[in-house]
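First comes the structure, then the notes that go with it.
The values are calculated or read from the model by the stated rules, or taken from the named source; none is laboratory data. This one's a predicted model, so the numbers in the text were calculated from it and none came from an experiment. Positions of Cβ are backbone-derived with ideal geometry, glycine not excepted, and every protein chain shown enters the neighbour counts.
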Amino acid sequence: NKHAGDARFTDTRQDEQERCITIKSTGISMYFEHDLEDGAGKIPFLINLIDSPGHVDFSSEVTAALRVTDGALVVVDTIEGVCVQTETVLYQALGERIKPVLHVNKVDRALLELQMEVEDIYQTFSRTIESVNVIISTYTDKLMGDIQVYPEKGTVSFGSGLQG
């Protein structure tokens, strides 16, 4: 998509658009139809997304958003990895009994800016997933079951908002 990375549907304030960050939580609704495997029709989905700030100064925005959601997509920069705020957001999600899903973002930076080798990128992904799981493992609640994230179980995704 030639507009990938340019569209900022949840950053509605002028200061958010100028700084390319989220300051106030914003909700949007997305409609999607999934084709049934047998070709007999489609299953409709309505996904309500709340984009909440990632900065520690806005933790109350994250908590408020978590209280009205069924899930949490925790976004981690490929290069920066797990930061202090990532840990805070994970604890907030787990405290609200929300199972997180991890998205490793900005994969394009590793390829284009840093020109990392494939094995190095793989190791970076592995370290990020392991770091998130270490944080998650400190929160134990048998009623929630296994809440760690695994690519093979569909609880980790990789992508680049800028490159599509």
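Does Ser137 fit the bill of being touching a Gly at 6+ places or on another chain (Cβ under 8 Å) and more than 19 Å from Asp51 (Cα to Cα)?
Taking the combined requirement at face value, the residue does not satisfy it.
Select from the stretch 88-106 the residues that are part of a helix (DSSP H, G or I) and under 13 Å from the mean Cα position of the chain (by Cα) and list them in ascending order.
Across the stretch 88-106, the qualifying residues are Val89, Leu90, Ala93.
Going by the conditions given, is Thr124 at pLDDT below 90 and among the polar types (S, T, N, Q)?
It is false that Thr124 is at pLDDT below 90 and among the polar types (S, T, N, Q).
Looking at Gly27, is it assigned to a strand (DSSP E or B), touching a Leu at 6+ places or on another chain (Cβ under 9 Å) and modelled with pLDDT under 80?
Yes.
Do you know which residues across the stretch 71-86 are of a type outside the set (A, V, I, L, M) and assigned to a loop (DSSP other than H, G, I, E, B)?
Residues satisfying the conditions are Gly71, Thr78, Glu80, Gly81, Cys83.
In the stretch 84-101, which residue that is out of contact with any strand residue (DSSP E or B) (no Cβ under 8 Å at 6 or more places or on another chain) and on the phi < 0 side of the Ramachandran plot is surrounded by the most Cβ atoms within 10 Å (Cβ to Cβ)?
The qualifying residue surrounded by the most Cβ atoms within 10 Å (Cβ to Cβ) is Gln92.
What are the pairs with Cβ atoms under 9 angstrom where one residue, in the stretch 109-120, is at positive phi and the other, located anywhere, is outside any loop (DSSP other than H, G, I, E, B)? Sequence gap at least six, or different chains.
Sorted first by the residue in the stretch 109-120, then by its partner, the list stays empty.
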